[in-house]
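Peer 1: Have a look at this one.
The values are calculated or read from the model by the stated rules, or taken from the named source; none is laboratory data. On a predicted model such as this, the values are computed, not experimentally measured, just so you know. Here the Cβ positions follow ideal geometry from the backbone for every residue, glycine too, while neighbour counts run over all protein chains shown. Side chains included, ligands, DNA and RNA excluded: accessible areas come from the protein's heavy atoms. Shrake-Rupley method; radii C 1.70, N 1.55, O 1.52, S 1.80 Å.
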Amino acid sequence: MEEKKPLRGEGVSIQQYRENIAHGTPQFPMQVYKNDFDWYTNHIIDWHWHPEIEFAVVLKGSVECFINDTCIQVNEGEGFFINSNTMHMERPVEGAEKPLMTTVCFMPDLIGDSGAELIYQKFVRPIVTDPALKGMKLVQGVEWQKKILSIVVEIFRISEQSSWGYELKFRNLLGELWYNLSLNLGKDLRAPELNRTATVNENRLKEMLTFIHTNYQREISVDEIAKAANISKSECFRCFRRMIGKKPVTYLNEHRLKHAVNLLISTDKQITEICFACGFNHISYFGKIFKQYYAMTPKQFRKENT
């Protein structure tokens, strides 16, 4: 079991877009995490997506989980399911107890060993390729969901011990978990019509976020961001507003600030150097916007957090 902390260093994802890290190993593509929100910038596990399926249970406190443009509140003992390659973000509920959460991430083909297997084709592929099924909340009041929640907690318990043969236990529990999910999706969750507009918006936003994450170190315009998804500037604004409730420039600045925070904490680079390395053109503007978000100057932030 790993404690899921923000990653640092050049060329490494820091948990706010399509993750470059693999969950688990190629031989066993599964990982169990213990999430403490204090480890993340602004205590938020920011927008990201990954090919792995994710199940989570809130062990303490309450969490807001955003799945594309939908927000669900998940309280202690409840959880959620995130489908493969679905954009999501988690943050503590304001005013509630500081949350602690466990997440289980695994590649879809771990259920059936390979895409050619009958189990994968019959029970896994229809779920992970359904564009209408992005994720869902799991609650104690629904018996089959309660069973899934208990399995996730059991996986977390085993991961803390890591005794001999834990991989076999994980594999058996994942099979039971997926049986409960696939058995009940057909009658309870399938949408009569696929929301194709939401899928188009999600794909467009992924293209634009990927462009921002690749080019944030240089000066970029909203026109360039829109062009990355082959849409107009006005549609770019609408897509950002519908999907994540922010303007493109707001998201760009927040992304730059997260990188600046990492550099302030993990390097000895001069603040001016960090300013320009993160795409800000003026040190005064960098200091102003940094103080708006963190209520202190970059120098003060470095002093308090190193």
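Peer 1: Could you provide, to the nearest whole Å², the per residue accessible area of the chain with probe 1.4 Å?
Peer 2: I get 49 Å² per residue for this part.
Peer 1: When the convex hull of the C-alpha atoms of the range 180-306 is computed, what volume per residue in Å³ does it have? List each step's numbers first, then the result.
Peer 2: Values: hull volume 20.0 nm³, N = 127.
Dividing the Cα hull volume of the range 180-306 by its residues yields 158 Å³.
Peer 1: Could you work out what % of the accessible surface of the chain is carbon and sulfur, using a 1.4 angstrom probe and leaving DNA, RNA and ligands out of the count? Display every interim value, and only then the final one.
Peer 2: Numbers: 7430 of 15010 Å².
Percent of accessible area from carbon and sulfur atoms in the chain: 50.
Peer 1: From largest accessible area down, sort T306, T86; use a 1.4 Å probe on the protein chains.
Peer 2: Details: T306 110, T86 5 Å².
From most exposed to least exposed: T306, T86.
Peer 1: From the helices alone, meaning DSSP H stretches of at least four residues, give me the mean residue ellipticity at 222 nm for the chain, per-run term -39500 (n - 2.57), in deg cm²/dmol to the nearest 500.
Peer 2: Numbers: 10 runs with 131 residues, N = 306.
Theoretical 222 nm ellipticity from helices: -13500 deg cm²/dmol.
Peer 1: Restrict the search to the range 148-186; then list the GluC sites (Glu not before Pro) that DSSP places in a loop and that have at most 10 other Cβ atoms within 10 Å of their Cβ. Please list the in-between numbers first.
Peer 2: Values: sites: E154, E160, E167, E176; in loops: none.
Sparse-neighbourhood loop GluC sites (Glu not before Pro): none present.
Peer 1: If you line up the Cα atoms of the chain on their principal axes, what length do they span on each, largest first, in Å?
Peer 2: 57, 45, 38
Peer 1: What is the list of residues in the range 259-280 whose amide nitrogen lies under 15 Å from a point 7 angstrom out from the Cα of K303, following Cα to Cβ?
Peer 2: 271
Peer 1: Let me ask something else about it. At 7 Å along the Cα-to-beta-carbon direction for both K146 and H43, put a label point, then send me their distance in nm to one decimal.
Peer 2: Taking the two extended label points, one gets 3.1 nm.
Peer 1: Is any helix in the chain, taking whole DSSP H runs, at least 15 angstrom long along its axis by alpha carbon and on average at least -1.0 on the Kyte-Doolittle scale, and which ones?
Peer 2: Working: long enough: 143-161 (28 Å, 0.04); 166-188 (33 Å, -0.39); 196-215 (29 Å, -0.68); 233-244 (17 Å, -0.39); 248-266 (27 Å, 0.01); 283-294 (16 Å, -0.15).
In the chain, the long hydrophobic H runs are 143-161, 166-188, 196-215, 233-244, 248-266, 283-294.
Peer 1: Out of the DSSP beta bridges found with both residues in the chain, what percent are antiparallel (nearest 5)?
Peer 2: Working: 35 of 38 bridges.
DSSP beta bridges in the chain are roughly 90 percent antiparallel.
Peer 1: Give me the three principal axis extents of the range 50-178 from the C-alpha atoms, as integers in angstrom, largest value leading.
Peer 2: 48, 38, 27
Peer 1: Something else now. What is the calculated FRET efficiency for A132 to E235, with r their C-beta to C-beta distance and R₀ = 22 Å, to the nearest 0.05? Write out the running numbers ahead of the final one.
Peer 2: Values: r = 23 Å, r/R0 = 1.02.
Once rounded, the FRET efficiency stands at 0.45.
Peer 1: How long are the semi-axes of the equivalent ellipsoid of the range 99-170, taking √(5λ) for every eigenvalue λ of the Cα gyration tensor, in whole Å from largest down?
Peer 2: Numbers: eigenvalues 107, 76, 23 Å².
Value: 23, 19, 11 Å, ordered largest first.
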